[in-house]
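First the structure, in the form of structure tokens, and then the observations on it.
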Amino acid sequence: MRVKVLSRNPDDYIRETKQDLQRVPRNYDPALHPFEVPREYMRALNATKLERVFAKPFLASLDGHRDGVNCMAKHPQSLSTVLSGACDGEVKIWNLTKRECIRTLQAHEGFVRGICTRFCGTSFFTVGDDKTVKHWKMEGPGYGGEEEPLHTILGKTLYTGIDHHWKEAVFATCGHQVDIWDEQRNSPICSLTWGVDSISSVKFNPIETHLLGSCASDRNIVLYDMRQSTPLKKVILDMRTNTLCWNPMEAFIFTSANEDHNLYTFDMRFLESPVMVHMDHVSAVLDVDYSPTGKEFVSASFDKSIRIFPVDKGRSREVYHTKRMQHVITVKWTSDNKYILCGSDEMNIRLWKANASEKLGVLVPRERAAMNYNQKLKEKFQHHPQIKRIARHRHLPKPIYNQAKELRIMREARRRKYDSLFVFILS
């Protein structure tokens, strides 16, 4: 006679400590759970609503400048250190953890046109309206000491931008032409030019470090190779490009901020047409910066707002604005992928969360698991009309809303005109 005995492993249902949750046996057979999809849909809907309820992106305002903030730079080694240059020639170094200025120096007479840090983080460079390039030590002078630059280069023309090489003691300036400098010399190693107009911005590629791109006021974007000392390629747009930024994860991809309210993402191997056109701003785009992951970028605009765009989408996923914030001149995405900094006309630097509804601080494992579960639910049901509407909805200031509505009407009228013209030609 055979007897079948039920045997259970005590580890499956006995708690290790009294603080542990009770283990509940579950059967995942979908036939036993006919209401699983409606239940998950309601959870996704509630998670989407709560995300909008808790979307409070603004963290702090760093005030101390006496004129508009014109440029910013991130410290390559320290997450909490940021440098900013103002229109009155003043440069400030900020500690983001304490949210206070730790050093102030009068760098130039007139605007600080550009600022960049050395790849090792021990010093930084500034250019200004006084036609000088100045090399400063990151650490301030001792007690009673005077603020003096390590090195000063007096140029013949106005410099409008500067960027440092990612691995070597070389930096590039732009103005009448693009100049490549060695840190130890008073004259440029080589000068690169293509056209006769002034150049507003120059940026080194973070991956292919010998490549750099520049934006000129004659609507050109020109790419150079330091090893050949010659320009590589040129693309001409309909309106002027203010600045560009290279994708830190894809060597050939860069995004340009244009005067026609749009941003254009290009593949430098195929410059005939952009990979993606990003449209949502209603005024000129003044600055752009990529996230460290290379999947998103943030843009600053003359329309008093900043927007976060996914690289592969033409519309922004987030827009930030405040009542007091004026024209946003410069923007940076911090190296830990969590925060965004923007500098604007009314002398303030603002600190924002990159993810508006993200909870800051330490998360217990249950909180993290719940957040991941809700995120997956939102991704699963993201195309359902009600969830899509709630996730996309943003309150905009009235001027931006009215201007966007006007631009939409103009685009529709232009499209109808082209359609009717095409029908007339066919007939």
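Every read-out reported here was derived from the displayed coordinates using simple, explicitly stated rules and does not represent laboratory data. Note that the structure is predicted; figures quoted are calculated from it, not measured. When we count neighbours, we look across all protein chains shown, and the Cβ atoms used for this are built from the backbone with ideal geometry, even at glycine.
Descriptive notes on the structure:
- Cβ charges +1 (Lys, Arg) and -1 (Asp, Glu), total dipole of the stretch 138-266, debye: 480 debye
- Acute angle (nearest 10 degrees) that the helix 365-380 long axis makes with the longest principal axis of the chain, alpha-carbon atoms: 80 degrees
- Applying 1/(1 + (r/R0)^6) with R0 = 45 Å to the Cβ-Cβ distance of Ser335 and Arg2 gives a FRET efficiency near 0.10.
- Estimated FRET transfer efficiency (Leu396, Met371; beta-carbon r; R0 25 Å; 0.05): 0.35
- Inter-label distance, nm, simple model (7 Å from Cα along the C-beta direction), Leu363/Asp267: 3.4 nm
- Note: relative contact order over the chain, using C-alpha pairs below 8 Å and six or more positions apart, is 12 percent.
- Under 5 Å, built H, 5+ apart or other chain: amide partners of His151: His135
- Think of each Lys and Arg Cβ as +1 and each Asp and Glu Cβ as -1; about the Cα centre, that makes the dipole of the stretch 310-427 roughly 400 debye.
- Alpha-carbon centroids, the stretch 113-188 and the stretch 239-278: separation in whole Å: 27 Å
- Applying a DSSP loop filter and a limit of 13 other Cβ atoms within 10 Å to the chymotrypsin sites (Phe, Trp or Tyr not before Pro) in the stretch 129-237 leaves Tyr143.
- Value in Å of the Kirkwood radius, where the chain supplies the Cα pairs that are averaged: 24.5 Å
- Rounded Å value of the spacing that divides the Cα centres of the stretch 1-57 and the stretch 345-366: 32 Å
- Extension gain, Ile207 back to Asn186 (0.36 nm per residue minus Cα-Cα distance, nm): 4.8 nm
- For the chain, adding -39500 (n - 2.57) for each run of n ≥ 4 DSSP H residues and dividing by the number of residues yields -5500 deg cm²/dmol at 222 nm.
- The charge dipole of the chain, taken about its Cα centre with unit charges on the Cβ atoms of Lys, Arg (+1), Asp and Glu (-1) only, comes to about 2480 debye.
- Cut-off under 5 Å, modelled amide H: who pairs with Gln326 long-range: Asp345, Glu346
- Options Ser78, Thr126, Gly64, ranked by Cα towards positive dipole end of the stretch 15-131, top entry (Cβ charges): Ser78
- Charge dipole of the chain about the Cα centre (unit charges at C-beta), most positive-ward option of Val37, Leu377, Leu211: Val37
- Rg ratio for the stretch 43-182: its Cα radius of gyration over 2.2 N^0.38 Å, N being its residue count, equals 1.27.
- Gln77/Arg415 FRET efficiency (R0 60 Å; Cβ-Cβ; nearest 0.05): 0.75
- 25 °C / 0.890 mPa s Stokes-Einstein diffusion coefficient of the stretch 1-62, Kirkwood radius on C-alpha pairs, µm²/s: 142 µm²/s
- Dipole of the stretch 230-346 computed with +1 at Lys/Arg Cβ and -1 at Asp/Glu Cβ about the Cα centre; of His261, Val282, Ile308, farthest Cα towards the positive end is Ile308.
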